[in-house]
Amino acid sequence: MLKRYVALFMRLMAVLSIAVFLAIVRPEFLSVNNILNVLRQSSLLFLLASGLTVVILTGGIDLSIGAVLALSACVMGTVLKTEGMLLGILVGLAIGAGCGFMSGAMVAFIGLPSFMATYGMLWIAQGLALMFMKAEIIYGFPQTFRFFGAGGLIGIPTPVILMFLTFGILYLLLTYTTLGRNVYSIGANMDVARISGIRVRRTLLIVYTVSGFLAAFSGMVYISRINAVEAGIGEPLLLPALAAVCIGGTSLFGGEGSIGGTILGAIIMSLVINGMNMLGMTSFWQSFAVGTIVIFSVLIDQIRAMKFQTD
């Protein structure tokens with residue numbers, strides 16, 4: 001528990017340091033509109049990375065989240081334009097949860113490595129999205145639906161509100177429930193967790209279903225904001241989400257990390273990209289910077305873990 005809070009403190013200091021630096025070199029960084037823009041960008045990234053975090057805490061990985069986002073968003077967009085918003089949202093979220101459920105079943109009951117199970121689901125969901133859309137683009141969603149991605153309450157963008165609501169729910173789930181304790185126990189040592197009486201299969205099934213559901217949910221917010229959807233919409237989103245989880249301090253080996261770290265990781269990524277845009281740096285340097293930050297974040301956590309083990 002102490003290691004977790006130390007990691008969160010380090011990420012919080014990183015956020016504050018980046019913000020102070022940008023405020024010095026570009027005073028316009030502190031404008032309300034820019035701060036809200038950073039949080040809006042962070043929210044879309046966090047919503048996708050949050051489900052991935054829960055999976056990684058169990059020692060697994062979900063490579064399908066981008067493709068599941070695309071498939072659910074394509075079906076959601078089509079149904080809501082033809083049959084109504086409520087049905088479209090429900091169908092889209094159900095597809096995301098269903099894809100996650102199938103990935104979880106392959107991991108928990110068939111025994112496939114999570115890498116292979118979710119990599120296969122990536123291709124299945126991507127293929128279904130391509131067949132469903134037939135190279136078409138759907139755009140022009142109802143204004144009520146666009147509230148989720150482009151609306152706001154009391155001056156706060158809706159995606160930011162949804163980000164903090166999702167964070168609060170997952171924080172309570174992982175910190176104060178039996179399911180949350182089981183997630184960490186499975187990630188620390190699955191065999192010991194099974195011997196201890198934890199229902200490992202059921203927990204894994206729930207975890208991957210949650211990941212698929214949150215991928216679909218983030219897809220809903222995403223297409224609501226850009227007011228369009230096409231089959232390839234999720235392809236560039238997997239690696240940034242994985243980067244946010246790594247920057248947030250969640251161990252890829254499972255059992256270590258927190259949803260609080262992921263939200264800070266998403267904010268750090270958005271701050272870096274926003275700051276480099278304000279400094280006029282190209283996207284090539286942005287990719288280089290994000291990659292460097294990911295490597296140093298993982299390296300620092302490895303050093304910190306070794307220090308705690310020797311103390």
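Structural remarks
- The residue list 110, 123, 192 was ranked by how far each Cα lies along the charge dipole of the chain toward its positive end, using unit charges on Cβ atoms, and 192 comes out on top.
- Distance histogram in 5 Å bins (all Cα pairs of the range 170-230, percent per bin): 4, 17, 21, 18, 13, 9, 8, 7, 3, 1
- Span-rule helices in the chain, defined as complete DSSP H runs reaching 24 Å or more along the axis (Cα) with Kyte mean at least 0.0: 2-25, 32-57, 65-82, 85-105, 114-133, 158-176, 200-226, 259-278, 283-310
- Cβ charges +1 (Lys, Arg) and -1 (Asp, Glu), total dipole of the range 128-230, debye: 320 debye
- With the convex hull constructed from alpha-carbon coordinates only, the range 224-299 shows a mean projected area of 6.4 nm² over all directions.
- Within the listed set 280, 168, 180, the Gaussian network model of the chain (springs between alpha-carbon atoms below 10 Å) gives the highest mean-square fluctuation for 280.
- Projected over all directions and averaged, the alpha-carbon convex hull of the range 19-125 occupies 9.4 nm².
- Between residue 34 and residue 87, the modelled labels are 4.7 nm apart [label points 7 Å from Cα along Cα→Cβ].
- Gyration tensor (alpha-carbon) shape descriptor, the range 40-95, a/c threshold 1.5: prolate
- The chain - Rg over Rh from alpha carbon coordinates, Kirkwood radius: 0.97
- Entry note: the range 1-81 has Rg to Rh equal to 1.11, where both radii use alpha-carbon atoms and Rh is the Kirkwood radius.
- The shape of the range 165-270 can be summarised by an equivalent ellipsoid whose semi-axes, obtained from the alpha carbon gyration tensor, come to 28, 16, 13 Å from longest to shortest.
- Cα pair count fraction exceeding 13 Å, expressed as % - the range 82-125: 57 percent
- Most mobile listed residue (130, 47, 165) in the chain, GNM with C-alpha springs under 10 Å: 165
- Extents of the range 86-186, taken as max minus min of Cα coordinates on every principal axis and listed largest first, are 44, 42, 21 Å.
We did not get these values from a lab; they are worked out from the coordinates using the rules stated. Because the structure is predicted, anything quoted here is derived from the model rather than measured. Cβ: placed from backbone, ideal geometry, glycine included. Neighbour counts: every protein chain shown.
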